[in-house]
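A short reminder: the numbers here are calculations on the coordinates, not readings from a lab. For clarity, every value in this text was computed on a predicted model and none was experimentally measured. Using ideal geometry, Cβ is built from the backbone for each residue, glycine included, and neighbour counts are taken over all protein chains shown.
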Number of protein chains: 2
Amino acid sequence: MRKNILLTPGPTPLPPKIMEAMARPIIHHRTPQFQAVIKEVSDGLKYVYQTVNDVFMLASSGTGAMEAAVINLLSPGDCALIVQAGKFGERWTELCKAYGITAEVIDVEWGKAVEAQEISRRLKANPKIKAVFTTLCETSTGVATDITAIGKVVKETPAVLVVDAISGLGAIDLKSDEWSCDMVVSGSQKGLMLPPGLGFISVSPKAMKLVEESKSGRYYFDLRKAKKALDKTDTAFTPAITLIIALAEVLRMIKEDGLASIFVRHKKMADATRAAMKGLGLELFAPAAASDAVTAVKVPTGLDGEKLVKTMRDTYGVTIAGGQDELKGKVIRIAHMGFIEEFDIITGISCLEKVLTQMGYKFNLGAGVRAAEEIFLK
Amino acid sequence: MRKNILLTPGPTPLPPKIMEAMARPIIHHRTPQFQAVIKEVSDGLKYVYQTVNDVFMLASSGTGAMEAAVINLLSPGDCALIVQAGKFGERWTELCKAYGITAEVIDVEWGKAVEAQEISRRLKANPKIKAVFTTLCETSTGVATDITAIGKVVKETPAVLVVDAISGLGAIDLKSDEWSCDMVVSGSQKGLMLPPGLGFISVSPKAMKLVEESKSGRYYFDLRKAKKALDKTDTAFTPAITLIIALAEVLRMIKEDGLASIFVRHKKMADATRAAMKGLGLELFAPAAASDAVTAVKVPTGLDGEKLVKTMRDTYGVTIAGGQDELKGKVIRIAHMGFIEEFDIITGISCLEKVLTQMGYKFNLGAGVRAAEEIFLK
């Protein structure tokens with residue numbers, strides 16, 4: 001009899017229409033019927049990406065698409081500049097290391113965002129840097145990166161700008177072309193409201209030049225193969241058919257709502273969540289650069305953050321995320337992206353109030369929910 | 001009002017229970033609930049693989065798992081022996097080439113199977129060969145490879161035996177351990193009756209030694225990461241949650257039926273299909289080494305094979321496969337694996353009879369169906 005509420009930064013809940021699409025009989029992928037789907041989702045992805053460039057689909061999770069970016073842009077021995085401000089920034093560094101690419105790392109304190117002028121300084125100091133790797137929304141800390149400012153800096157150089165938008169695409173604004181993003185990587189299980197299993201990657205003409213030149217070994221994630229296939233409305237290898245058919249539904253829903261209205265909805269949920277935390281006397285982990293996709297909150301001293309998350313999930317069916325790596329037990333993360341709405345947030349806050357009370361934390365019962373309601377009423 | 005029948009060698013039709021599982025609300029993957037699923041499918045995969053070794057799951061299509069085999073076993077400059085008897089054997093060669101591995105190719109005529117003694121001869125002549133790459137069922141030609149015999153040859157050498165069982169696993173017998181297969185690669189969308197999007201790979205202790213030594217760049221498909229994660233009942237990266245939950249259902253179904261009974265069912269469908277083709281006066285493409293997973297049939301001279309497939313699919317809703325690459329237009333391929341049963345085969349044959357008649361091919365109407373019925377009555 002228990003309802004389960006998912007407030008995690010991936011996977012996010014599935015809309016009923018998507019669950020229905022997932023349940024359809026499968027169709028073959030080398031048919032005119034599926035080609036029509038590829039055509040539709042290619043156009044729809046361009047809308048969400050706000051780009052005129054090709055957006056390739058990969059049967060992989062987001063990390064696979066990140067790997068595709070690294071190996072298609074750079075050869076062993078090449079130089080990359082990496083903004084590392086959390087677990088997912090670190091992934092760029094790990095990927096470069098795995099492929100023999102020299103990674104120059106801007107190590108940003110977890111919870112803070114990088115300054116565009118630091119990137120400018122590094123690019124000037126090291127003209128060998130061929131690509132700058134960034135993270136739109138660093139899920140591990142809840143920090144949003146100012147991609148607009150970074151784009152302005154990078155576009156003046158021969159380097160390309162790569163954005164990991166796995167967390168954030170379709171939830172917060174990312175004008176790929178206007179902001180001069182050369183490659184934007186994403187995944188299906190966050191703002192796009194699908195199960196995990198699809199990776200996406202857009203490629204600008206500036207990036208495509210590097211793709212053609214890269215000497216890194218590549219096959220499954222070879223974007224030259226992906227391009228050749230997409231030019232024939234096909235995929236290089238057997239696609240994740242069911243997810244792509246569900247993606248077509250999602251993209252229709254997104255177009256119907258319109259990106260602008262979706263971003264406003266996410267901002268309101270983020271504002272409400274942040275107000276609620278303040279109402280409960282809790283401190284935001286990244287107050288100066290908080291993303292509208294996920295909010296990280298410090299666990300009050302003396303409370304066991306892992307137990308808090310576990311109790312909410314296992315006793316009450318409300319799944320939020322705990323901290324990762326160095327933040328383990330120290331923060332909780334409440335996602336407000338994708339198919340999550342006002343009353344899911346209220347439920348999450350109410351459940352948090354319940355468990356905080358049971359764990360002995362002192363606050364004004366109802367103060368979190370009330371603060372959120374005030375925002376939602378605006 | 002048209003029913004669609006899928007008789008293609010991937011994707012294969014989804015059982016209703018699987019469609020229902022695909023439609024369930026999603027759960028988070030870092031939870032005890034999903035850990036229980038990982039535990040269950042890991043055991044179930046060992047049953048289907050007939051192995052005691054770990055079977056790793058990758059969020060990718062089968063080619064991703066093939067790439068994982070190549071880069072985890074071999075370093076640039078290493079030597080591989082490849083059995084190339086069709087499009088999927090060629091994929092091993094292409095993969096090795098993409099990663100700087102020297103590929104010694106046994107070029108087998110399409111429609112024929114390799115002789116184990118040829119592999120023995122090559123291994124003796126070139127002791128630098130570290131891995132032998134084979135294909136259980138070459139989907140492009142319908143040929144089954146004698147893995148038992150090859151296993152006996154390879155196990156006496158320092159080389160490892162890698163089997164692409166993407167087409168075939170769960171449909172035809174493959175005793176991974178008994179036949180000394182060191183790595184068996186597979187995918188979700190064939191004998192395992194799921195949508196595409198999951199790759200599988202088993203690793204023997206002999207292969208694991210090479211995995212630890214390989215100097216190839218690797219990250220997303222790094223099996224050391226996969227092993228470290230699976231040892232903690234986890235996956236290295238966000239898994240294709242929905243497909244894995246559906247996989248748990250499939251594996252329960254397979255266990256309930258039992259592999260032995262499943263292989264008998266597939267053999268009967270293959271026998272019926274082959275008898276039907278004979279009844280229609282059509283010639284099998286690979287009579288001497290026909291697989292029980294898919295049957296390739298020569299298109300009679302003068303008939304347009306592509307039109308035949310297209311008419312069956314677009315006019316009558318029965319999807320079979322045509323020929324690939326050098327066999328384009330020259331063969332048709334009828335799959336009988338996964339969730340396909342007796343009367344699906346009858347439907348496929350009946351539809352083939354209808355379109356052959358309309359295309360002016362002369363035969364005894366009903367002779368194909370009758371021949372199949374005779375086999376099914378046995």
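Structure summary
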read-out	value
Cβ-vector label at 7 Å, A:MET253, separations to other copies in nm	2.6
Choice from B:SER167, B:SER261, B:SER176 showing the highest fluctuation, given a GNM over chain B with Cα pairs closer than 10 Å	B:SER261
On Cα atoms only, tilt of B:367-377 relative to the major axis of chain B in degrees	60 degrees
Copy-to-copy label separations for A:PRO205, where each label sits 7 Å from Cα toward Cβ, in nm and ascending	5.9
Top positive-direction residue, dipole computed over the stretch B:16-257 with Cβ charges, set B:MET183, B:LEU74, B:PRO16	B:LEU74
Residue-by-residue Karplus 3J(HN,Hα) for the stretch B:160-165, coefficients 6.51, -1.76, 1.60, Hz, glycine and proline x	9, 9, 10, 10, 7, 10
Table column - 3J(HN,Hα) (Hz), the stretch B:90-104, Karplus curve with 6.51, -1.76, 1.60, x for Gly and Pro	4, 4, 4, 4, 4, 4, 4, 4, 4, 10, x, 9, 6, 9, 8
Gaussian network model of chain A, Cα within-10 Å springs - most flexible of A:GLU341, A:GLU40, A:GLU256	A:GLU256
Amide H contacts under 5 Å for A:VAL318, placed H, 5+ residues apart	A:ILE5, A:ARG313
Charge context of A:LYS330, other residues only, Cβ under 12 angstrom, K/R +1, D/E -1	-2
Crossing angle, helix A:305-316 versus chain A [Cα axis fit, 0-90 degrees, rounded to tens]	80 degrees
Net charge contributed by nearby residues that have their C-beta within less than 9 Å of B:ALA68 (K/R +1, D/E -1)	-1
Prolate/oblate/rounded call for chain B, Cα gyration tensor, a/c under 1.5 rounded	oblate
Karplus-derived HN-Hα couplings along the stretch B:319-329 (A = 6.51, B = -1.76, C = 1.60, θ = phi - 60°), whole Hz, x at Gly and Pro	9, 10, 10, x, x, 10, 6, 5, 9, 3, x
Choice from A:VAL160, A:VAL355, A:VAL55 with maximal GNM fluctuation in chain A (Cα, 10 Å cutoff)	A:VAL355
Antiparallel bridges, percent of DSSP beta bridges restricted to the stretch A:16-257 (to nearest 5)	40 percent
Cut-off under 5 Å, modelled amide H: who pairs with A:ILE106 long-range	A:ILE82, A:VAL83, A:GLN84
Teacher prompt: B:ALA288 distances to equivalent labels in other copies, 7 Å Cα→Cβ, nm	7.6
Radius 11 Å from Cβ of B:GLY317, net charge of other residues (Lys, Arg +1; Asp, Glu -1)	+2
Cut-off under 5 Å, modelled amide H: who pairs with B:VAL294 long-range	B:HIS336
Degrees, to the nearest 10: B:241-257 long Cα axis against longest axis of chain B	70 degrees
Distance between modelled label sites at A:ASN126 and A:ARG24, nm, 7 Å Cα→Cβ extension	4.7 nm
Fewest-first sequence of B:HIS336, A:HIS266 by Cβ atoms within 10 Å of each Cβ	A:HIS266, B:HIS336
Unsatisfied cross-links (Cα-Cα over 29 Å) in the set B:LYS130/B:LYS268; A:LYS330/B:LYS46; A:LYS112/B:LYS227; B:LYS267/B:LYS330	B:LYS130/B:LYS268; A:LYS330/B:LYS46; A:LYS112/B:LYS227
